[in-house]
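Novice: This is the structure I have questions about; it appears just below.
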Amino acid sequence: MLPLTNRLKHRKDFSAVYRKGIRRNSAHFSLRALRKPKSVEIGKPTADKSLQPSRTGISISLKVSKRAVVRNRIKRQIRAALRQLLPRLKFGWDLVIVVRPIAQECNYAEILQELEQLLVEAEVLDGNSRGSIL
């Protein structure tokens, strides 16, 4: 599981990302990303570390599969990939990963590679990375 601080849980947060966020698409996923405004505190310098951590939510519908077992397996693989990418995520983003029906055919390596590519396109991954995980 992802840490509690990195989970997008409430309907209003998902709705805000859908309404105002940017969209990046790939063959198996669609990424919606919304930059949260910086919270300014009096007397404290505003650095990237003072921002809230990035939060992620996963949206997977019955169109992907009618079987909950299949949908949950895909969600577990996405969460595992996000755990690996978490240290490289920039602070202050809300992300929603929308799963497309063709994603049933993906294995873990493809999911990881595709998520990393989407996050790079949306400029959510930190630029100080050592390259691809794979």
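The values are calculated or read from the model by the stated rules, or taken from the named source; none is laboratory data. Here the structure is a predicted model, which means the values were calculated and not measured. Glycine also receives a Cβ, built like all others from the backbone with ideal geometry; neighbour counts cover every protein chain displayed.
Novice: Every residue in segment 88-114 that is of a type in the set (A, V, I, L, M) and touching a Phe, Trp or Tyr at 6+ places or on another chain (Cβ under 7 Å), please.
Specialist: The answer is Val96, Ile97, Val98, Val99, Ala103.
For every residue, the table says whether it meets (1) exposed (fewer than 13 other Cβ atoms within 10 Å of the Cβ); (2) within 22 Å of Glu110 (Cα to Cα); (3) at pLDDT 95 or above; (4) among the charged types (D, E, K, R).
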{"site": "Val17", "(1), (2), (3), (4)": "no, no, yes, no"}
{"site": "Phe29", "(1), (2), (3), (4)": "no, yes, yes, no"}
{"site": "Lys38", "(1), (2), (3), (4)": "no, no, no, yes"}
{"site": "Gln52", "(1), (2), (3), (4)": "no, no, no, no"}
{"site": "Ser59", "(1), (2), (3), (4)": "no, yes, yes, no"}
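Novice: May I pose another question? For segment 75-84, indicate whether the set of residues that are part of a strand (DSSP E or B) and either of a type outside the set (Phe, Trp, Tyr) or touching a strand residue (DSSP E or B) at 6+ places or on another chain (Cβ under 9 Å) (or both) is non-empty.
Specialist: no
Novice: Moving to a separate point now. Among the residues of segment 110-125, are any assigned to a strand (DSSP E or B) and either within 25 Å of Lys12 (Cα to Cα) or at pLDDT 95 or above (or both)?
Specialist: Scanning segment 110-125 turns up at least one residue that is assigned to a strand (DSSP E or B) and either within 25 Å of Lys12 (Cα to Cα) or at pLDDT 95 or above (or both).
Novice: Here's something else I'd like to know. Determine if segment 98-106 includes at least one residue that is within 11 Å of the chain's Cα centre (by Cα) and at pLDDT below 95.
Specialist: no
Novice: Restricting the first residue to segment 54-75 and requiring it to be in contact (Cβ under 8 Å) with a residue 40 or more places away in the chain, which pairs with a second residue that is assigned to a loop (DSSP other than H, G, I, E, B) and crowded, with 19+ Cβ neighbours inside 10 Å meet a Cβ separation below 8 Å and a spacing of at least six or different chains?
Specialist: Cβ pairs passing all conditions: Ser54/Gly92; Ser54/Val124; Arg55/Leu8; Thr56/Leu8; Gly57/Leu8.
Novice: Considering segment 61-88 alone, what residues qualify as being of a type in the set (Val, Ile, Thr) and surrounded by 13 or more Cβ atoms within 10 Å (Cβ to Cβ)?
Specialist: Val64, Val70, Ile74, Ile78
Novice: Give me the pairs: first residue in segment 94-123 and under 20 Å from Ala16 (Cα atoms), second residue β-branched (Val, Ile, Thr) and part of a helix (DSSP H, G or I), beta-carbon distance under 9 Å, and six or more apart or on different chains, which are they?
Specialist: That search, which allows pairs on different chains as well, returns Asp94/Val17; Leu95/Val17; Val96/Val17; Ile97/Ile78; Val99/Ile74; Val99/Ile78.
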